[in-house]
Structure formats: structure tokens, C-alpha cells
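Written out below as C-alpha cells is the structure these notes cover.
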Amino acid sequence: MKLHQLRYIWEVSKQGLNVSQAAARLFTSQPGVSKQIRLLEEELGLQIFSRRGKHLVEITPAGRAILETSGEILQQIQKINALAQEHSDEQRGSLSIATTHTQCRYVLPSVIRRFIDKYPDVALHMHQGTPTQISASAADATADFAIATEALELYSDLLMLPCYRWNRSVLVPKSHPLADESSITLCKITNYPIITYTFGFTGRSKLDEAFLAEGLQPKVVLTAADADVIKTYVRLGLGIGIVASMAYDPKVDSDLVAVDASHLFEASTTKIGFRRNSYLRGYMYDFIEMFAPHLERELVQQSLSMAGRAEVDSLFKGVVLPSL
């Protein structure tokens with residue numbers, strides 16, 4: 001059994017059993033990957049993948065167990081490499097962040113600027129996706145950090161630390177009847193077509209819960225993954241927009257009015273997630289603190305030492321999170 005064979009089966013599983021895609025990601029040939037998988041299966045005396053002709057069609061039960069252990073081994077190899085890099089050159093390395101459009105567009109730019117200024121030799125990689133994709137990226141080590149509001153709880157091996165709280169505003173054109181309202185209600189909102197986030201994005205669940213609790217049925221006519229698209233269709237007069245308040249820029253969006261809706265919806269909490277067995281390099285601790293100043297290195301390390309999610313949650317019960 002060789003380490004590269006474990007990398008091959010792990011990558012093939014990540015690429016949906018597409019050997020050609022896995023080979024491309026591994027910078028090797030498709031026949032070479034297929035050969036090494038067969039050699040590993042012969043050595044183990046069992047099939048990791050079921051086949052139909054030459055095509056892999058399914059991971060076998062034994063294969064799932066082997067892949068789980070392989071993933072753990074590969075993560076430990078990554079930790080060893082990171083540990084070696086930390087001691088050889090503290091200022092060099094890489095940092096991969098998976099996040100949503102809202103975080104990437106409205107929250108992270110100033111943080112990224114500060115980080116690059118301090119660590120110009122750290123290669124920074126940003127990946128955008130759905131909250132589920134983001135969580136999966138952190139869980140399978142594609143990304144070092146996942147930053148999102150939804151879906152991080154799907155993976156029990158992710159340590160999730162609260163960063164900040166935020167709420168929502170209703171966006172309307174200046175000529176809209178709601179533009180002059182000092183205090184809107186959910187009932188008033190349901191009188192108009194609504195444009196908001198796709199379910200699973202940017203705290204959408206809190207919005208749905210608020211309407212459901214009042215027995216109201218909102219007229220959602222369009223959903224989008226990011227606020228810029230929502231604002232575009234608000235400008236076209238298709239409906240009123242409900243977005244994260246941080247997504248409204250008084251200068252850029254001067255043709256729109258943002259009506260505070262924080263009294264209507266429960267605040268959402270954005271979190272940063274990473275694998276519990278991660279080795280965090282010095283610049284990684286710095287990035288976390290730049291993004292969420294209350295997450296100092298000592299507090300993050302204390303969180304890493306805790307056994308489960310409930311313990312981590314209790315650690316932050318008395319912490320007052322900043323609001324955006």
C-alpha cells in the first residue's frame with residue numbers, strides 16, 4: 001500500500017467516480033490512476049469501487065470505510081507538511097477560503113487587504129459556492145476555512161466559531177410606498193411581491209421562519225444567490241428586496257431606499273468553520289482574528305481542545321458578538 005494510491009482513491013471519490021477528472025486534478029494519467037486503484041484492490045483482497053465494464057459506478061461498503069480512513073491519513077499528512085512549513089518559514093504558505101457571494105463581496109475585501117499587506121508571500125485562494133458546497137470544501141480539506149451563515153452544522157467534524165451577527169433590510173425604489181414608512185410590519189411586506197435569497201443562502205431560513213410564525217404567506221417571485229442580482233430586479237420594479245443590511249451601500253445604491261427590518265427577523269450569525277484536527281499556522285490564526293477580532297488565538301486554541309459542539313457553544317455564551 002502506497003500513499004499515492006490513497007490519494008488516487010480519495011480524489012476519484014471526490015470527483016464523483018470520474019477517473020479522468022481525478023487524473024487531471026492529480027496531474028497524472030487516467031490509465032495510471034486506474035492501474036494503481038486495481039493494484040491497491042488486489043493487495044487488499046477486496047473491491048473499493050463497483051464497476052460496470054470499465055466504468056466505476058459505486059463505492060462498495062468496504063470502500064467507504066477505507067476512504068474514510070484514507071481521508072484521515074491524508075489530513076494527517078497535510079498537518080505534518082503544515083507543521084514543517086511553519087518552522088521553516090512562518091511567512092510563506094497558502095490559505096484557501098470557501099465562502100458565499102455576500103461574504104466575499106461585502107465583508108471580506110477589507111480583511112483580505114489587511115491580510116495580503118501583512119503576508120504578501122502567502123498564496124490566497126478564494127472559492128465561492130453554496131453554503132453546502134462551502135461546508136463540504138472545509139470538511140474534505142479542499143478549503144482551510146469555510147465562512148457562511150447556513151449549512152456549516154452539516155458536518156460534525158467542523159469546528160464552527162461565531163464571528164458576527166447581522167440582520168436584514170427591505171430595499172425599495174425611492175418612489176415606492178414603503179420608502180416613507182418609519183416602521184414596517186410583516187403584514188405590510190406581504191402586500192408586495194418579494195425578491196430575496198435562494199433557500200439555504202445568507203440566512204434565508206430566518207426569513208421563512210418569521211413569516212411562518214405569523215401565519216403569513218409571502219409572495220416570493222424571484223430568488224437569487226447574491227444581493228446584487230436582487231437589487232437589479234428591485235430596480236426593474238419586479239418587487240421589493242429583502243437582503244442582508246450589509247449588502248446596501250448608500251453610495252452605490254443611492255437610487256434605492258433601505259428600510260430597517262431588524263425588528264421583524266431574528267438575527268443571523270455568520271461563522272467560520274474548519275476541521276477539528278487541523279493544524280493552524282500562525283498566519284491562519286491572524287486571519288481569523290482579522291475577520292473576527294474577538295477570536296483571539298488563545299480562544300481559538302481553547303475551542304480546538306474541546307470535545308464537542310455543545311462545549312464550544314457554551315464557551316461563547318457570554319461573548320457579545322459584533323453586529324454588521
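For the range 89-147, what are Rg and Dmax over the alpha carbons, in angstrom?
Calculated on Cα positions, Rg and Dmax stand at 11.8, 34 Å.
Among 17-26, 137-146, how do they line up from the highest to the lowest mean number of other beta-carbon atoms within 10 Å?
137-146, 17-26
With each pseudo-label sitting 7 Å past Cα toward Cβ, what's the residue 126-residue 249 distance in nm, one decimal?
Simple spin-label model gives 1.2 nm for this pair.
Counting only DSSP beta bridges with both residues in the chain, what percent are antiparallel, rounded to the nearest 5? Could the numbers behind the result be given before it?
On the way: 24 of 42 bridges.
DSSP beta bridges in the chain are roughly 55 percent antiparallel.
Of the options 217, 33, 126, report the single residue whose Cα projects farthest towards the positive end of the charge dipole of the chain (beta-carbon charges: Lys, Arg +1; Asp, Glu -1).
It is 33, whose Cα lies furthest towards the positive end.
Among the lysines, which have Cα under 30 Å from the Cα of residue 35 when same-chain residues fewer than 8 positions away are ignored?
Within the straight-line cut-off, residue 35 pairs with 2, 14, 54, 79.
The range 156-231: which trypsin sites (Lys or Arg not before Pro) are DSSP loop and have at most 10 other beta-carbon atoms within 10 angstrom? Intermediate values should be presented prior to the final figure.
Working: sites: 165, 168, 174, 188, 204, 206, 219, 231; in loops: 174.
Of the trypsin sites (Lys or Arg not before Pro), the ones in loops of the range 156-231 whose Cβ has at most 10 other Cβ atoms within 10 Å are 174.
Among [x] 44, 21, 19; [y] 42, 25, 18; [z] 28, 24, 21, which is the computed semi-axes √(5λ) of the Cα gyration tensor in Å?
Working out semi-axes √(5λ) of the Cα gyration tensor in Å from the coordinates points to [y].
Net charge near residue 99, counting Lys/Arg +1 and Asp/Glu -1 over other residues with Cβ under 15 Å of its Cβ?
Overall, the nearby charge balance is -1.
Heads up, I need the accessible area for residue 228: 1.4 angstrom probe, whole protein in place, Å², nearest 10.
The accessible area of residue 228 comes to roughly 50 Å².
Enumerate the aspartates and glutamates that residue 271 could reach by cross-link, defined here as Cα to Cα under 17 Å, with residues fewer than 8 away along the same chain left out.
The qualifying aspartates and glutamates are 144, 150, 153, 157, 286, 289, 296, 311, 313.
Name the lysines eligible as straight-distance cross-link partners of residue 219: C-alpha to C-alpha under 25 Å, and not fewer than 8 places from it in the same chain.
174, 188, 206, 231
How much length is gained if the chain between residue 114 and residue 83 is pulled fully straight, taking 0.36 nm per residue apart and subtracting their Cα-Cα distance, in nm to one decimal?
8.7 nm
Which log10 I(q)/I(0) values does the range 1-59 give at q = 0.19, 0.21, 0.23 Å⁻¹ under the Debye formula, counting every alpha carbon as one identical point scatterer?
-0.59, -0.73, -0.89
Return the calculated 222 nm mean residue ellipticity for the chain, to the nearest 500 deg cm²/dmol, obtained by summing -39500 (n - 2.57) across DSSP H runs with n ≥ 4 and dividing by the residue count.
-12000 deg cm²/dmol
Could you tell me which residue out of 160, 233, 146 lies farthest along the dipole of the chain toward its positive end? Charges go on the beta carbon: Lys and Arg +1, Asp and Glu -1, centred on the Cα centre.
Of the options given, the answer is 233.
The values are calculated or read from the model by the stated rules, or taken from the named source; none is laboratory data. Note that the structure is predicted; figures quoted are calculated from it, not measured. Because the Cβ atoms are built from the backbone with ideal geometry, glycine has one as well, and the counts that use them run over all protein chains shown. Just the protein is used for accessible areas: all its heavy atoms, side chains included, with ligands, DNA and RNA removed. Shrake-Rupley method; radii C 1.70, N 1.55, O 1.52, S 1.80 Å.
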